[in-house]
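To start, the structure itself, in structure tokens.
Just so you know, all these numbers are worked out from the coordinates, no wet-lab data involved. Predicted, not measured: the structure shown is a model, and the values here were computed from it. With ideal geometry, Cβ positions are generated from the backbone for all residues, glycine too; neighbour counts draw on all protein chains shown.
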Amino acid sequence: MKRILFVILFLACTQPQFAQAQVNGTAINLNDPDQISYLSPKDYIIGGVTVSGTQHLDNNVLITISKLVVGQYIEVPSEATSNVVKVMMAQGLFDDVQLWAEKIEGETIFLNIRVNERPRLTRIDINGLSKSQTEEVRKRLKDNAGKVVNENLINTTRNTIQRFLREKAYLYPEIKISTIKDTTQANNEILIADVDRKNKVRVKKITFTGNKEFTQKQLRKNLKGVKQKAWFRIFGPGKFKEEKYKEAKETLVAKMQNKGFRDAEIIQDSVIKVDDKNVLVNIDVYEGPKYYVGNIKWSGNAKYTDTVLNRILGIRKGDIFSEEKLTTKLMGGGRNSDDISSLYMNDGYLTFSIDPEQTRIYNDTIDLNLRVYEGAQFTINNIIVKGNDVTNDRVVLRSIRTKPGQKFSKEAIMTSVREIAQLGNFDEQKTNPVPENINHAEGTVDIVYNVTEKPSDQVELSGGYGAGQIIGTLGLTFNNFSTSNFFDKSSWKPLPRGDGQKLSVRGQTSGKRYQSYSFSFSEPWLGGKKPIYFGLSAYTSSSSYGGFNYYTGEQMVKDSDLNRIWMTGVTATLGKRVQWPDNWFQVNTSLSFQRYKLQNYSNYFLFDNGTAYNINLTQEISRNTIDAPIYPTSGSNLKFSVQLTPPYSLFNKINYETSAPEVKYKWTEYHKWKFDSQWYAKIAGKLVFKAQAQFGFLGSYSNKTGISTFERFKLGGDGMQGFDFLQGSEIIAMRGYANGSIIPEGTQNVNIAMRSGSPIYTKYQMELRHPVMLNEQATVFVLAFAEAGNTWNKFSEYNPFKVRRAAGVGARIFLPIFGMLGIDYGHAFDPIPGLQSSQWKQNFTFSIMQNMGGF
């Protein structure tokens, strides 16, 4: 009996703290051992759950996370009540979480989750980075404003900055993250990242182990993008970037495998810190055996015999086994369409596929079974153009080489893409041909050319000061003009557009002293049915010098005493695309009339006063296979032209020995030959190599007339037409030298030679180009160049290897509205005899709306 009373008294002593609190209406913290005893838990039914203390969070979501469900039993206190706090704290949203019993009614308990939310982020301030670097990091962090400030946010910020810096070769930065309260917003904080980038890390040395067949030099060469320090590596000597390093390791293994070591792999590698500026790279490779091609068997081929396919494959038994070469020769991917896939797909086999199976590997030999799935030949049903909002369908369709009724041809599609790019009205990077509506039963397919219009009209607006006068220029070029809609008022937006015609007007003036106006129009498809080119251009210009006050512009003498030249000209051109020797050739024929009127124009021409006429016929043959007009990456552009005037001296009765100059040279006669060749090729990645060679020769029919004073060549400078245009000369750019400064050796009067030009010239050019931006808004690329060229007075003196040299760097920006803008820095290596360095040197060269070095 005494024992029973003792237990009752003990229980009575342990219960009052919990029960009495409820009677008094005081809430109890179920996780506080000072308020509740764990020696006497009790089961209750949850009567309600509430959340207090929240500012930004949804209470219902938090109740769901707590796993407290109204109507369920819960033991109080217990592990279940403790888990509520653990689960809520694990969300990283709170500084403190408590579970309280608000009241108890019999066996029903009402719970309240009291939370203290962590502060919210106002912004992240980054110190220690440049403005551009800070902006890039902010983009990667995205918009973190309003997020909870917790360890996860701090770690994410630190890791993002660190990852960005490691990409820039800052491998060991110090990043300190701290927070301060935002006084403008309650319970908000500002995250501050103090960054010390330290030094960019470079590779001191790269060491390979495990290699037997490959030398250290060969492996380092194949580790593309990661180079060790060397005395000759001036620009970026071996900066270590992790992403580049990962790519380089993949490239290294691929290069080893392509040499026949198909089992090659990197066993392990390490990057060891030497100091804050240098690391060592150690790579342990496994080469494995060198494999060779064994027996080659074809199966499934009905269209072409094994002999034909083997000839195109170009891989024979005993050759070093290379999966990359095998894939390229089977499925394409090279620069030429000399692969098995192109053979079939150019003959209509749209669904062609091939599966190379390695049937047997024995010793160092691999046997191949090449399974061909030819499928059916497909015929083109419809040609559809999408995305041409301005350009008329017929303008695009007439440039497309794939026609309804023809067999499907991959080569014809790629040629069509190039032809669309040559129109200049579409973004060549976004032209995408897609086969659609493939009908296997009928063997037909539609080809949809998706294009994106780009701004193509251009404006030239510039002003300059020189020779005591201000010269203003305004030029407008409309590259998608439409004469068919000229009288349709609704098409003037602001001018009628869509027919692919080109209209250009340009004016340049400094007032009375100099005026020049020009007009040109071209139609690439005269009549709209055949690719017959028609062009018409005209110009008029005048220039005066002498008798002016350079400071006021006031004329000091009579008009009849001024030194003047007037020029007027008109040219009409007809051209046609021809199919022989191939369909890349174009033949153009031009007829030109020019009039030169001189007044007191001494020291420039063979006569001072009078009028000269130049009537000439030009025959040009060209072949253009470049892939894009603005930034070519492959192909070539060849031009050869002959320009002839009638041989007046052979049938007129003028005595050239006694006649006055204005009579002798009234009718200009000459024959002019020009050749220009440009070649483009990708070297590695986006790096493009350009090579160019030019030649020009101006000859006479008779010794008694001498070489024409018009149509000569002026070599040197930016290549832009200025006052030299008024002298009837052809301007050829050559960077590093001043305009027209490259004159023949042994010239007696260098000033006259610079003004009049030379009858013979040659020029060579090499460029390395790399794009910075390629899109419809702008095309930007940088370049390094080397040029060489010279001029001569006589063909007997001509030496194509005796040239003046220059080299330098530059950049080009193509903006659709302004055309091509360029700046170059060139260094000339060879002085010009008879000229001071200030007369022949020109380091900086600016160019507008023209291609340096082209005709």
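Structure values in brief
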| read-out | value |
| --- | --- |
| Exposure proxy ranking, count of Cβ atoms within 10 Å, fewest first, for 710, 801 | 801, 710 |
| Burial ordering of 373, 172, fewest other beta-carbon atoms within 10 Å first | 373, 172 |
| Relative contact order [Cα under 8 Å, 6+ residues apart], the chain, whole percent | 5 |
| Relative packing of 782-790, 430-438, which averages over residues the other C-beta atoms within 10 Å, highest first | 782-790, 430-438 |
| Peptides ranked, highest mean first, by Cβ atoms within 10 Å: ranges 349-359, 50-60 | 349-359, 50-60 |
| Distance between the range 51-116 and the range 190-267 - C-alpha centres, whole angstrom | 55 |
| Eligible aspartates and glutamates near residue 672 by straight Cα distance, threshold 19 Å, same-chain separation 8 or greater | 620, 711, 724, 730, 797 |
| Euclidean distance of C-alpha centroids, the range 472-489 and the range 590-656, integer Å | 27 |
| Cβ charges +1 (Lys, Arg) and -1 (Asp, Glu), total dipole of the chain, debye | 2540 |
| Extreme residue, positive dipole direction of the chain, given options 619, 405, 532 (C-beta unit charges) | 619 |
| The range 336-364-the range 385-421 distance, computed between alpha-carbon centres (Å) | 27 |
| The range 691-787 - charge dipole about Cα centre, Lys and Arg +1 at Cβ, Asp and Glu -1, debye rounded to 20 | 260 |
| Neighbourhood net charge (11 Å Cβ-Cβ; Lys/Arg +1, Asp/Glu -1) for residue 445 | -2 |
| Candidate lysines for bridging to residue 653, where Cα separation is under 21 Å - those fewer than 8 sequence places away on the same chain excluded | 664, 666, 704 |
| Counting DSSP beta bridges with both ends in the range 160-245, the antiparallel % (nearest 5) | 90 |
| Rough spin-label spacing in nm, given labels placed 7 Å along Cα→Cβ, for residue 290 and residue 836 | 6.6 |
| Cα lying deepest toward the dipole's positive end in the chain, options 570, 267, 749, charges on Cβ | 749 |
| Reach of residue 142 by Cα under 13 Å, taken over aspartates and glutamates that are not fewer than 8 positions away in the same chain | none |
| Distant-in-sequence amide H partners of residue 444 (H built 1.01 Å from N, under 5 Å) | 379, 439 |
| Top positive-direction residue, dipole computed over the range 202-286 with Cβ charges, set 257, 231, 286 | 231 |
| Across 224/682; 227/273; 139/241; 403/489; 239/686, pairs whose alpha-carbon gap is larger than 22 Å | 403/489 |
| DSSP bridge pairs, the range 379-450: antiparallel proportion in percent, nearest 5 | 55 |
| Among 176-187, 80-91, 475-486, the order from most to least packed when residues are scored by Cβ within 10 Å on average | 475-486, 80-91, 176-187 |
| Among the listed pairs 303/329; 147/277; 217/763; 407/639, those beyond 26 Å (Cα-Cα) | 147/277; 217/763; 407/639 |
| Order of 633, 611 under a 10 Å beta carbon neighbour criterion, fewest first | 611, 633 |
